[in-house]
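One structure below.
Values in this text are rule-based calculations from the coordinates and carry no lab data. Computed from a predicted structure; not experimentally measured. Because the Cβ atoms are built from the backbone with ideal geometry, glycine has one as well, and the counts that use them run over all protein chains shown.
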Amino acid sequence: MVISANKANRLFWLGRYVERVYMTLHLLRRVSDKMIDGQPADYEGFWKKLDVTDSYSSTGEFTLGMMYDDQNPGSILSSLNRAMDNAIMLREDIKSETMSYIEMSISLMKSYRAEAMANITNLQPVTDWMLAFRGSAAQRIDSSKILSTIAIGQIVEKIDIMLRFCYCYERIATQYNMLKNWAKEWPELIDENVDKQIEAMLTPESYAKADENFRWKLCNCINSVVRA
């Protein structure tokens, strides 16, 4: 199956935005108690890693912003909207049933935003629908190239976030191996020179000594390894 560069790009970013929603929900839920009951020092590191805009001045603003702020490219609603933009253009490829999980998530988020609801636990349905999106894609998408491009986008986004939050070497290496396995379906998507840089950096010895600069360099390589 021949896929245009434009379609490959949309598939890749559809995967990234869906995974960004899932991971952001996971991380927000993980520290929700600290944001509610703790002192700023308890969640500030998390806050700064997720809020790339650095635009919130309190825990309440941060929680609402990361859930509903259309101007923050890292917010849940913003990511869902961008996923939907790509999904609409890919409707015939991913099928309407798969796209519906994004539609339902946006509808729920908008209804909660109208109520200024800041309870992250109420967004469990969105987490479930992002998982359902994956399952529906696996069942309904006929082209292995289309499915692999979405999966590669999801993995790139996941590794990006895991590196920023200092996940262990084993988790990062496992995800990168999964990316390489998916890329076997469409090897020309991978930039071989960047792949070699990642392979050289992503070793137990190097990662054990990793500082912030090392992780950012590795993160930049991860974000540029796919040509889509």
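Which entries in the list Lys48/Lys209; Lys48/Lys184; Lys145/Lys196 go over 25 Å, if you measure between the two C-alpha atoms of each?
Among Lys48/Lys209; Lys48/Lys184; Lys145/Lys196, the Cα-Cα distance tops 25 Å for Lys48/Lys184.
Nearest 0.05, what FRET efficiency do Gln71 and Leu108 give at R0 = 25 Å with Cβ-Cβ as r? List each step's numbers first, then the result.
Working: r = 20 Å, r/R0 = 0.81.
The pair Gln71/Leu108 has a calculated efficiency of 0.80.
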note = Length gained if Tyr169 through Ala138 is fully extended, taking 0.36 nm per residue and subtracting the Cα-Cα distance, is 8.4 nm
task = Report Rg (one decimal) and Dmax (nearest whole number) for segment 124-228, counting Cα atoms only, units Å.
result = 14.6, 43
ask   = How far, in nm, would the chain grow between Ser58 and Asp85 when pulled straight, counting 0.36 nm per residue and subtracting the alpha carbon separation?
value = 6.6 nm
note = Volume per residue (Å³) of the convex hull spanned by the alpha carbons of the chain is 120
inquiry  = If the elastic network links every pair of Cα atoms under 10 Å, which of Asn119, Asn72, Asn193 fluctuates the most in the Gaussian network model of the chain?
reply    = Asn193
query = Listed highest first by mean packing, meaning other Cβ atoms within 10 Å per residue, what order do 144-153, 166-175, 208-217 come in?
reply = 144-153, 166-175, 208-217
query = Quick one: which of Lys49/Lys180; Lys158/Lys180; Lys7/Lys217; Lys49/Lys158; Lys49/Lys110 span more than 21 angstrom between C-alpha atoms?
reply = Lys49/Lys180; Lys7/Lys217; Lys49/Lys110
